[in-house]
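The values are calculated or read from the model by the stated rules, or taken from the named source; none is laboratory data. Predicted model, so just to flag it, every value in this text is computed and none were measured. Quick reminder, even Gly has a Cβ in these numbers, built from the backbone with ideal geometry, and neighbours come from all protein chains shown. Surface areas here come from the heavy atoms of the whole protein model, side chains and all, with no ligands, DNA or RNA. Shrake-Rupley method; radii C 1.70, N 1.55, O 1.52, S 1.80 Å.
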Amino acid sequence: MIRVLVADDQALVRAGVRMLLQAAGDMEVVGEAVDGAEAVRLAERHVPDVILMDLRMPRVDGLEATRRVLAARPGARVVVLTTFAEDADVHAALRAGAVGFLVKDDEPERMVDAVRRAAAGEQLLAPSVLRRVVERFLAAEEQAAAPPPSGLTERELEVLALVGTGLSNAEIAEELHVGITTVKTHIAAAMDKLGLRNRIQAAVVAHRAGLVDAAFRPVRPPRGGPGGHPAG
């Protein structure tokens with residue numbers, strides 16, 4: 001059962017989201033918060049798997065609440081809800097540590113799918129949106145290109161590159177002809193070694209390291225390269 005916390009200042013929205021998620025059968029709404037301050041308290045009390053966080057709430061907004069929740073529980077998975085799909089909102093939410101972004105007028109099925117994917121550790125951005133977000137991150141940070149991260153195995157570098165193209169776990173598994181569990185293991189290992197909190201940060205690292213080109217195509221790391229195994 002996926003445990004979900006819903007944070008939104010509108011009672012009607014909270015009620016609708018609760019009914020939608022609980023009807024899915026594999027989800028339980030463990031708490032409802034009317035503002036960011038209450039969201040932080042309830043996240044600490046109930047330890048939900050996924051937090052659906054409205055951006056615009058009184059007292060403490062969703063961005064600040066996301067920062068506070070993740071400071072206390074770095075492994076928490078926050079999916080931001082908003083009425084506006086502005087690039088600036090997406091960038092700010094992901095920089096705060098959210099794993100995904102949903103617009104409130106999305107199809108109901110998309111929210112259910114988003115909660116499942118967030119609980120499974122996947123990103124919640126279409127490749128086209130990921131492209132804009134990564135480009136914005138790179139432009140904002142203005143950092144020079146870096147060599148491929150050291151300490152990663154050849155397969156971890158390969159998976160990191162595919163994460164950088166926006167592929168889902170299932171698509172990466174199909175591309176590499178391995179199981180989804182194997183993909184998850186490699187992603188988790190790479191992110192742990194690099195100190196990353198979400199796949200968006202992993203995608204940015206992949207681009208900065210030259211593992212993905214400007215057309216969002218993977219650049220295969222050379223055998224025997226940093227962290228890889230010697231050819232032979």
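Out of all the residues in segment 59-79, is one or more at positive phi and open to solvent by 10 Å² or more (accessible area, probe 1.4 Å)? Among the residues of segment 59-79, at least one is at positive phi and open to solvent by 10 Å² or more (accessible area, probe 1.4 Å), which makes the answer yes.
Taking the condition open to solvent by less than 20 Å² (accessible area, probe 1.4 Å), at pLDDT 80 or above and either touching a strand residue (DSSP E or B) at 6+ places or on another chain (Cβ under 9 Å) or of a type in the set (Asp, Glu) (or both), does residue 157 pass? In short, no. Residue count for segment 56-92 satisfying the condition of being in contact (Cβ under 8 Å) with a residue 24 or more places away in the chain, part of a helix (DSSP H, G or I) and of a type in the set (Gly, Ala, Ser): 4.
Here's the yes/no breakdown for (1) among the small types (Gly, Ala, Ser); (2) assigned to a loop (DSSP other than H, G, I, E, B); (3) modelled with pLDDT under 90; (4) under 20 Å from residue 118 (Cβ atoms):
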| position | (1), (2), (3), (4) |
| --- | --- |
| 161 | yes, no, no, no |
| 173 | yes, no, no, yes |
| 182 | no, no, no, no |
| 190 | yes, no, no, yes |
| 201 | no, no, yes, yes |
| 204 | no, no, yes, yes |
| 216 | no, yes, yes, no |
| 222 | no, yes, yes, no |
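Within segment 107-119, how many residues turn out to be open to solvent by 30 Å² or more (accessible area, probe 1.4 Å) and either assigned to a helix (DSSP H, G or I) or in contact with a strand residue (DSSP E or B) (Cβ under 9 Å, 6 or more places away or on another chain) (or both)? Don't jump to the end; show me each part of the working.
At the first step, the residues of segment 107-119 found to be open to solvent by 30 Å² or more (accessible area, probe 1.4 Å) are 107-110, 113, 116-117, 119.
Then drop every residue that is not either assigned to a helix (DSSP H, G or I) or in contact with a strand residue (DSSP E or B) (Cβ under 9 Å, 6 or more places away or on another chain) (or both), which leaves 108-110, 113, 116-117, 119.
Selection size over segment 107-119: 7.
Considering 101, 84, which residue is under 22 Å from residue 197 (Cβ atoms), touching a strand residue (DSSP E or B) at 6+ places or on another chain (Cβ under 9 Å) and either at pLDDT below 95 or open to solvent by less than 60 Å² (accessible area, probe 1.4 Å) (or both)?
Values: 84 fails: under 22 Å from residue 197 (Cβ atoms).
Answer to the selection: 101.
Here's a check for you: in segment 1-12, which residue that is open to solvent by 40 Å² or more (accessible area, probe 1.4 Å) and not basic (Lys, Arg) is farthest from residue 105 (Cα to Cα)? Among them, the one singled out is 1.
Of the residues that make up segment 32-55, is at least one assigned to a strand (DSSP E or B) and either surrounded by fewer than 24 Cβ atoms within 10 Å (Cβ to Cβ) or on the phi > 0 side of the Ramachandran plot (or both)?
Taking segment 32-55 first, the residues assigned to a strand (DSSP E or B) are 32-33, 50-54.
From what is left, the residues that are either surrounded by fewer than 24 Cβ atoms within 10 Å (Cβ to Cβ) or on the phi > 0 side of the Ramachandran plot (or both) are 32.
Within segment 32-55 (the criterion being assigned to a strand (DSSP E or B) and either surrounded by fewer than 24 Cβ atoms within 10 Å (Cβ to Cβ) or on the phi > 0 side of the Ramachandran plot (or both)), the answer is yes, since at least one residue qualifies.
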